[in-house]
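Enquirer: One structure, pasted below without further comment.
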Amino acid sequence: MKKYGIDLPELNKSGHFLDDYLGQAAHKGTEAREAIASGKFDTAWGCYQEMSLLYLKHAEKQNFTKDQTLALIGRVHRAMARLLKKEKRHRDALIHALYFIACSDTPLEKELKYYRPFVNRCKLKKVTINEVTGFIKVWRKSPGFIQIRDKVAEWESLQDG
């Protein structure tokens, strides 16, 4: 497509340039919110997955650092945590909330009000909020979703003993 003598990429069906990954991601975010409002949680989840992939494409295109990339995709995990909370899938919501916070550089004191309710909903009686905070500090050095998922599973297993 040529406009003003400049070769521009083609447009997709939502009207964004094919290489405008941020615009496409924003569109997916809007679709996800609309799906949630309609009670279509599976559709919203799919939109969030696509949004995450679009953010990764943007990060690659712009040569983001690892930390910049994690900060960008971490935001999607915050939205995923909220969606899972609506579905009353508290364990999964906690995993995504902790991953978001591990990817963030916001001071933990400010994030405590966000992640404490997720921890409380899981009823982790043998794990203190200070222990959770300690793990977040470690995870921030190199956030790993699988590592966080496994730690939450370990915390849950302590509840049985």
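The values are calculated or read from the model by the stated rules, or taken from the named source; none is laboratory data. Predicted, not measured: the structure shown is a model, and the values here were computed from it. Here Cβ is always computed from backbone atoms with ideal geometry, including for glycine, and neighbour counts include all displayed protein chains. Accessible surface is based on the protein model in full, side chains and every heavy atom, while ligands, DNA and RNA are left aside. Shrake-Rupley method; radii C 1.70, N 1.55, O 1.52, S 1.80 Å.
Enquirer: Tell me, yes or no, whether segment 44-54 has at least one residue that is hydrophobic (A, V, I, L, M, F, W, C), out of contact with any Leu (no Cβ under 8 Å at 6 or more places or on another chain) and modelled with pLDDT under 95.
Expert: There is no residue in segment 44-54 that is hydrophobic (A, V, I, L, M, F, W, C), out of contact with any Leu (no Cβ under 8 Å at 6 or more places or on another chain) and modelled with pLDDT under 95.
Enquirer: Can you spot a residue in segment 24-32 that is in contact with a helix residue (DSSP H, G or I) (Cβ under 8 Å, 6 or more places away or on another chain), closer than 22 Å to residue 89 by Cα and open to solvent by less than 30 Å² (accessible area, probe 1.4 Å)?
Expert: Filtering segment 24-32 for residues in contact with a helix residue (DSSP H, G or I) (Cβ under 8 Å, 6 or more places away or on another chain) gives 24-25, 28-29, 31-32.
With closer than 22 Å to residue 89 by Cα added as a condition, the list becomes 29, 31-32.
After this cut, where a residue has to be open to solvent by less than 30 Å² (accessible area, probe 1.4 Å) as well, the list is 29, 32.
Taking every residue of segment 24-32 in turn, at least one turns out to be in contact with a helix residue (DSSP H, G or I) (Cβ under 8 Å, 6 or more places away or on another chain), closer than 22 Å to residue 89 by Cα and open to solvent by less than 30 Å² (accessible area, probe 1.4 Å).
Enquirer: With the structure loaded, tell me whether residue 73 is assigned to a helix (DSSP H, G or I), under 17 Å from the mean Cα position of the chain (by Cα) and under 20 Å from residue 50 (Cα atoms) or whether it fails that test.
Expert: yes
Enquirer: Same structure again: Of 133, 128, which residue is surrounded by 16 or more Cβ atoms within 10 Å (Cβ to Cβ) and over 24 Å from residue 29 (Cβ atoms)?
Expert: Only one candidate passes the filter, namely 133.
Enquirer: Looking at 92, 150, which one is in a helix (DSSP H, G or I), under 23 Å from residue 36 (Cα atoms), among the acidic types (Asp, Glu) and open to solvent by 10 Å² or more (accessible area, probe 1.4 Å)?
Expert: Details: 150 fails: under 23 Å from residue 36 (Cα atoms).
After applying the criteria, what remains is 92.
Enquirer: In addition: Going by the conditions given, is residue 112 assigned to a helix (DSSP H, G or I) and closer than 24 Å to residue 159 by Cα?
Expert: So residue 112 passes the test.
Enquirer: On to the next question. When you check residue 82 against the structure, is it over 13 Å from the mean Cα position of the chain (by Cα), closer than 30 Å to residue 129 by Cβ, at pLDDT 95 or above and surrounded by fewer than 21 Cβ atoms within 10 Å (Cβ to Cβ), yes or no?
Expert: Spelling it out, it is not the case that residue 82 is over 13 Å from the mean Cα position of the chain (by Cα), closer than 30 Å to residue 129 by Cβ, at pLDDT 95 or above and surrounded by fewer than 21 Cβ atoms within 10 Å (Cβ to Cβ).
Enquirer: Just wondering, is there one or more residues in segment 111-121 that are at pLDDT below 95, surrounded by fewer than 21 Cβ atoms within 10 Å (Cβ to Cβ), over 24 Å from residue 56 (Cβ atoms) and among the acidic types (Asp, Glu)?
Expert: Within segment 111-121, not a single residue is at pLDDT below 95, surrounded by fewer than 21 Cβ atoms within 10 Å (Cβ to Cβ), over 24 Å from residue 56 (Cβ atoms) and among the acidic types (Asp, Glu).
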